[in-house]
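This report refers to the structure that appears directly beneath it.
No lab work stands behind these numbers, since they all come straight from the coordinates. Being a predicted model, the structure only gives us computed values, none of them experimental. Please note: Cβ atoms are built from the backbone with ideal geometry, for glycine as well, and neighbour counts cover all protein chains shown.
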Amino acid sequence: MNPKDSPAQPERREFITKACALTAGVVAVAVPAAAGLFVLLDPLGRKGGAGEPVRVASLEAIPEDGVPRKFSVLATRVDAWNRTPNVPVGAVYLRRAAGGAVQAFNVVCPHAGCFVDYVDDAKHYLCPCHNSTFEADGRIKDPKSPSPRGLDELETEVREGAVWVKFRNYRAGEKDKLPA
Ligand code: FES
């Protein structure tokens, strides 16, 4: 051992101890922060996020006469640690439009976020909160409706006899359809 090194040993040991403690501290903070960021940015981790299309209903479950029917949307929620299948993320009305295409509407009213009902007798959607009304195809019916836009239509595809929907939520109270 070089005698000149001896006085420096305790300082070096102290430096290494502090460096290790600092590294452990950084890891302890950075890992949960990164996990939080992942959850925040993950599409289906957020309730309103659009992910891959999810199977919502069989095609034959949708009336052929254009009357909408409400379905829950279940999706796989993924966060940093878990992957949970069949988590309810919202609901949609599905209806057959002219020509057989399937339309999907988010059940959330674009005015302030209440859930709209479909009134069979009146053949329109009604929001119970402030009485906005919407045609079966999602357009605003009564011009006095406070909703700034029609119901939010979602992308659909029909595959293997089932309807798949790209579910997402949009901001309430805006004239334009802006992702939530
Ligand atoms: S929340 Fe639907 S009309 Fe106000």
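Observations, loosely collected:
- Amide N of segment 150-180 lying under 14 Å from the label point, which is placed 7 angstrom from the Cα of Ala101 along Cα→Cβ: 153-158
- Residues Leu178, Leu151, Leu94 in ascending order of nearby Cβ atoms (within 10 Å, fewest first): Leu178, Leu94, Leu151.
- For segment 54-166, the dipole from Cβ point charges (+1 on Lys and Arg, -1 on Asp and Glu) about the Cα centre works out to 260 debye, to the nearest 20.
- Considering only the Cα atoms of segment 54-166, their convex hull presents on average a projected area of 7.9 nm².
- Zone of Ala112's modelled label, taken as backbone nitrogen in segment 153-180 under 17 Å from a point 7 Å along Cα→Cβ: 171-175
- Taking other C-beta atoms within 10 angstrom as a stand-in for reagent exposure, Tyr170, Tyr93 fall in the order Tyr170, Tyr93, fewest first.
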